[in-house]
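J.: Sharing a structure, written as structure tokens. Questions coming.
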Amino acid sequence: MAKMHRLRKDAPEEIETRRLVLKRSVMGRDKPDLIAHIKEGGVVEFLRWSGLNVSEDNVDAMEREYDDFSFEWNGESSATISYTAFSKDDGAMLGYVALSETYDDGGLAAFMGLPVDREYAEVDWYLFGKFRGQGYAEEALRAIIARYFAGELFDDPMRTVNTMVGSHDVAVLEVVEDVGFKDPLALRGIEPDDEDEDDLDDPIGPLRMHALQAADFKVGA
């Protein structure tokens, strides 16, 4: 049976790293800039970086639902907390990082070789183009995952955090692997299916779930 997902009422409003200040995302302050960058870079590019399948349905839905975009929610079957990343140097907005808890009925978990009938957490992020390749994503991911495993974001946190990555997306794969994520299917010798019908000739390749166990996570690695 799925548990009730609950954000902590005292979850930190800000998380500082060496170069960043992660601030709880605020619709009025952050949404206009984020949506402007999404439109400038293109919906397909945003979906890739957010770990979402680049399908016709998702592209159409994203283009229709800018007005309904929300950073956080807190429901019975899922909940999300989001932080917007700002530079300590000049206060520029760099993007966002979000962490969600969602109930898994065991199907995906069993296929991945993980314990079944459990809930899992998932992290996603989006950096504006000019800030990529400078280590900001890894810095933000380590910060939010550390707070999550420490129980500062959700009551009773999971011991696994997942993220979706394109199997050919070398830059993002390097980030998640540096943080400590592993591809459970690859560990079992299952290779990506390059003929995924949901891909729109996508150069990043089919999406694969990568998992990070709390026991394998090193905050300052």
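J.: Near the amide H of LYS182, under 5 Å away, which other amide H atoms are found, from residues 5 or more places off or on another chain, if H is placed in the peptide plane?
T.: The list, which skips near neighbours in sequence, is ALA211, LEU212.
J.: Fewest first, what order do SER100, SER78 take by the number of other Cβ atoms within 10 Å?
T.: SER78, SER100
J.: Amide H to amide H, which residues 5 or more places from ALA79 or on other chains are under 5 Å from it, using H placed in the peptide plane?
T.: Result for ALA79 returns GLU101.
J.: Here's another thing I want to ask about it. For the peptides 146-159, 24-37, what is the packing order when you average, over each peptide's residues, the other Cβ atoms within 10 Å and list the highest mean first?
T.: Highest to lowest by the protection proxy: 146-159, 24-37.
J.: Could you list, in their original order, any pairs among LYS31/LYS130; LYS31/LYS218; LYS23/LYS182; LYS9/LYS130; LYS23/LYS130; LYS9/LYS182 whose Cα atoms are separated by more than 23 Å?
T.: LYS31/LYS218; LYS23/LYS182; LYS9/LYS130; LYS9/LYS182
J.: What net charge do the residues around GLU138 carry, taking every other residue with its C-beta under 13 Å from that of GLU138, with Lys and Arg at +1 and Asp and Glu at -1?
T.: +1
J.: Could you list ILE15, ILE145 so that the one with the fewest beta carbons within 10 Å of its beta carbon is first and the one with the most is last?
T.: Least to most surrounded, the residues fall as ILE15, ILE145.
Here, each number is a calculation from the coordinates, and none is a lab measurement. Note that the coordinates shown come from a computational prediction; the quantities given were computed from them, not determined experimentally. Using ideal geometry, Cβ is built from the backbone for each residue, glycine included, and neighbour counts are taken over all protein chains shown.
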